[in-house]
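I have placed the structure first, in the form of structure tokens, so that the comments after it can refer back to it.
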Amino acid sequence: MNDPLQPRRRWTRVLLDHSSTLLFVCVVVLLGSLSSKFLEPRNLINILVQSSSIGVAAVGMTLVLLTAGVDLSVGSVMFIAVAVAGKMIFGDWPLAVGFLTAAFVGAVCGALNGLFITWLRVIPFIATLAMLFAGRGFGLWITQTRAMNMPEEVIRLGTGRLFGVPLPVIVLILVCVAAHVMLTRTPLGRHIYAIGNHPDAARKAGLPVRRILFVVYVLCGLCAALSGLIALTQTGAVSPSFGQQREFAAIAAAVLGGTSLFGGRGSVLPGTLMGAVLIQTVENGLVIVNADPYIYPLATSGIIFIAVLLDSTRRRLRAAEGNV
């Protein structure tokens, strides 16, 4: 028997699956109508550059969300990584060594999260929440709560270009492509989706669930460190508030891009990338139109609310389709 509501559900699902693109178009049209400066090529390129940091963090968050987990320590890991890198740079270590050490520190923080979650069986929310506070405190201890201004060579990396493309954008593209290939072309990617869809079934199928979850959190920590380094080259300083609350922007970007908070569904390309660009477009547009600074946190909270609402609606719709 045909369901008279099936065509409506189909169209609703299509709209929800492309919601980030539709929201992006609406935001661009609205902000473009409010200020002609917004649509200038220079500003559009600037949006991409500014999206690179949150985009890389959101890629790592996407991997975690696909397993039905969450990582609330991303901002603190960013802070620890750049704090260590900053101390090494001021200690006359080569810039490359400082950056590589920062990436290693991010991976170690992710590994600690993974150990707590997989071996001690602490739920991801609690384990990463503890890392959020511990990491922030450790970073403040390293920096002695003082800002560190980076040398000019660090800032040049943020403004540099390769074949005319800004270096931060190149890093974002490489990370997105690598994650996309891993999720769509490798056994590890298929296992991540399987664990997110049904962890018990994955265990019964013989998948090394704990090992895969550990790897996912290590990758998320690595992405957080890379995100912090990109932000460092753009701001040129390590402040005591560096990376604060960036985990929420990363979650919002991933969910706006179609990744489910309940695991098993989502993509990096174009999903998470589009979500990150959308968030940065809103922030950039608020500055361009000279909006009241007090509106900024309201806009961010509104984006997070929309992301969660879209995810819940998609989940309810799929559940309804499964029952018909």
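Out of the residues in region 113-129 meeting the condition of being open to solvent by 20 Å² or more (accessible area, probe 1.4 Å) and without any contact (Cβ under 8 Å) to a residue 40 or more places away in the chain, tell me which one is nearest to THR235 (Cα to Cα). Among those that are open to solvent by 20 Å² or more (accessible area, probe 1.4 Å) and without any contact (Cβ under 8 Å) to a residue 40 or more places away in the chain, it is ILE126. Scanning region 162-169 finds one or more residues that are touching a residue at least 12 places away in the same chain (Cβ under 8 Å) and closer than 24 Å to SER73 by Cβ. Selection of region 282-292 for residues being under 20 Å from ILE54 (Cα atoms) and not charged (D, E, K, R) yields VAL282, ASN284, GLY285, LEU286, VAL287, ILE288.
When every residue of region 173-195 is checked against the conditions, none turns out to be crowded, with 17+ Cβ neighbours inside 10 Å and either part of a strand (DSSP E or B) or touching a strand residue (DSSP E or B) at 6+ places or on another chain (Cβ under 7 Å) (or both). Among the residues that make up region 152-169, is at least one of them under 23 Å from the mean Cα position of the chain (by Cα), under 21 Å from LEU66 (Cβ atoms) and surrounded by fewer than 20 Cβ atoms within 10 Å (Cβ to Cβ)? Scanning region 152-169, I find no residue that is under 23 Å from the mean Cα position of the chain (by Cα), under 21 Å from LEU66 (Cβ atoms) and surrounded by fewer than 20 Cβ atoms within 10 Å (Cβ to Cβ), so the answer is no. From the list GLY98, GLY55, GLY60, the one residue that fits, being without any contact (Cβ under 8 Å) to a residue 40 or more places away in the chain, assigned to a helix (DSSP H, G or I) and surrounded by 17 or more Cβ atoms within 10 Å (Cβ to Cβ), is GLY98.
What residue, among those in region 152-172 that are in contact with a helix residue (DSSP H, G or I) (Cβ under 7 Å, 6 or more places away or on another chain) and not in a helix (DSSP H, G or I), is farthest from ALA237 (Cα to Cα)? It comes out as LEU162. If you go through region 196-223 and pick out every residue that is of a type in the set (Gly, Ala, Ser), free of Cβ contacts under 8 Å to residues at least 24 places away in the same chain and crowded, with 17+ Cβ neighbours inside 10 Å, you end up with 1. TRP93 meets all of the listed conditions (1) farther than 30 Å from ARG265 by Cα; (2) of a type in the set (Phe, Trp, Tyr); (3) part of a helix (DSSP H, G or I) but one, namely (3). Please verify whether GLY139 is within 23 Å of ALA96 (Cβ to Cβ), among the small types (Gly, Ala, Ser) and surrounded by 17 or more Cβ atoms within 10 Å (Cβ to Cβ), treating the condition exactly as stated. When the stated conditions are applied, GLY139 passes them. Against the test of being buried (at least 19 other Cβ atoms within 10 Å of the Cβ) and either at pLDDT below 85 or touching a Leu at 6+ places or on another chain (Cβ under 6 Å) (or both), the options LEU16, LEU34, LEU23, LEU65 yield a single qualifying residue, LEU23.
The values are calculated or read from the model by the stated rules, or taken from the named source; none is laboratory data. All values derive from a computational prediction rather than experimental measurement. Neighbour counts are summed over all protein chains in view; Cβ atoms, including those assigned to glycine, are modelled from backbone coordinates with ideal geometry. We work out accessible area using only protein heavy atoms, side chains counted, and drop any ligands, DNA or RNA first. Shrake-Rupley method; radii C 1.70, N 1.55, O 1.52, S 1.80 Å.
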